[in-house]
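Read through the structure below, which is laid out as structure tokens, and then see the notes.
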Amino acid sequence: MSDYEVRPATMRDAKAIAEIHAAAAHAAYEGILPDEQLRALAPATREAKWREAIEFSEPQVQVAVLGNEVVGFVGYDRSRDPKTPSTAGEIWAIYVLPAHWDKGVGVALWDAARDGLEEEGCTSVTIWVPLRNERAMRFHELAGFKRQMTTAKTTSIGGIKIEEIRLKRSIN
């Protein structure tokens, strides 16, 4: 049994979500992005985005809480990829404070997203992961996601080019 509770995010969670997003992205992309790009991953640049997501449920956002502290979050909804069926869901973002890595938070968030997507009528789910983010790649593959090799693409994060690949699995 997990000590982490997962619940829908509220507006009061937006600041914590932004801080988690910045801290986890900084830790995950160290050695992948240059230091100046890592410093640009500031919570202030993300809080408004997450407030809007929570307000409009696009994506749907759930948080993992330990006691009174928000320690992780997941954003999910229908797939944003062109030419995907309406039954395709997507994990838009899933981040956990580094101090809580490897403690089951990611699994609890993934379970909540899967349940939410299933309620929406989705039969499959995808996520885009940078190829060099080995921790995220391993997590999603352990959760049953498979790499879709023909989807590899180059994306730009703050002017830095990153290779990403889409992973996919069925909801069930």
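The values are calculated or read from the model by the stated rules, or taken from the named source; none is laboratory data. What you see is a predicted model, and the numbers here were worked out from it, not measured in a lab. All Cβ positions, glycine included, derive from the backbone under ideal geometry; neighbour counts span all protein chains shown.
Only one entry of Asn133, Asn172 meets the criterion of being surrounded by 14 or more Cβ atoms within 10 Å (Cβ to Cβ), over 18 Å from Glu19 (Cα atoms), of a type in the set (S, T, N, Q) and out of contact with any strand residue (DSSP E or B) (no Cβ under 6 Å at 6 or more places or on another chain), and that entry is Asn133.
For region 127-161, the set of residues classified as modelled with pLDDT under 90 and touching a Leu at 6+ places or on another chain (Cβ under 8 Å) consists of Ile157, Gly158, Ile160, listed by residue number.
For region 120-165, a residue qualifies if it is under 17 Å from Val74 (Cα atoms), in contact with a Phe, Trp or Tyr (Cβ under 7 Å, 6 or more places away or on another chain) and part of a strand (DSSP E or B), and exactly one does: Ile127.
Taken together, Thr155, Thr151 contain a single residue that is surrounded by 13 or more Cβ atoms within 10 Å (Cβ to Cβ), more than 14 Å from the chain's Cα centre (by Cα) and more than 20 Å from Pro59 (Cα to Cα), which is Thr151. Being among the β-branched types (Val, Ile, Thr) and under 21 Å from Glu120 (Cβ atoms), is that true of even one residue in region 36-59? Yes, region 36-59 has at least one match.
Table: residues versus (1) crowded, with 21+ Cβ neighbours inside 10 Å; (2) of a type in the set (Val, Ile, Thr).
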position: Glu52; (1), (2): no, no
position: Glu55; (1), (2): no, no
position: Glu58; (1), (2): no, no
position: Val61; (1), (2): yes, yes
position: Ala64; (1), (2): yes, no
position: Asn68; (1), (2): no, no
position: Gly89; (1), (2): yes, no
position: Pro98; (1), (2): no, no
position: Val105; (1), (2): yes, yes
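Scanning region 20-33 finds one or more residues that are closer than 17 Å to Gly159 by Cα, at pLDDT below 90, buried (at least 16 other Cβ atoms within 10 Å of the Cβ) and in contact with a Lys or Arg (Cβ under 7 Å, 6 or more places away or on another chain).
Kindly establish whether Ser57 is over 21 Å from Ala143 (Cβ atoms) and polar (S, T, N, Q).
Yes: the conditions hold for Ser57.
Consider Ile20 carefully, then state whether it is touching a residue at least 60 places away in the same chain (Cβ under 8 Å), touching a strand residue (DSSP E or B) at 6+ places or on another chain (Cβ under 8 Å) and closer than 17 Å to Ile94 by Cβ. When the stated conditions are applied, Ile20 passes them.
Given the residues Glu120, Glu141, which is the only one that is in contact (Cβ under 8 Å) with a residue 24 or more places away in the chain and over 15 Å from the mean Cα position of the chain (by Cα)? That would be Glu120, the only listed residue that is in contact (Cβ under 8 Å) with a residue 24 or more places away in the chain and over 15 Å from the mean Cα position of the chain (by Cα).
Among residues of region 146-172 that are under 18 Å from Gly89 (Cα atoms), those with a Cβ under 8 angstrom from a residue that is of a type in the set (Asp, Glu) and outside any loop (DSSP other than H, G, I, E, B), sequence gap 6+ or separate chain, pair up as Arg147/Glu141; Leu167/Glu141; Ile171/Glu118; Asn172/Glu118.
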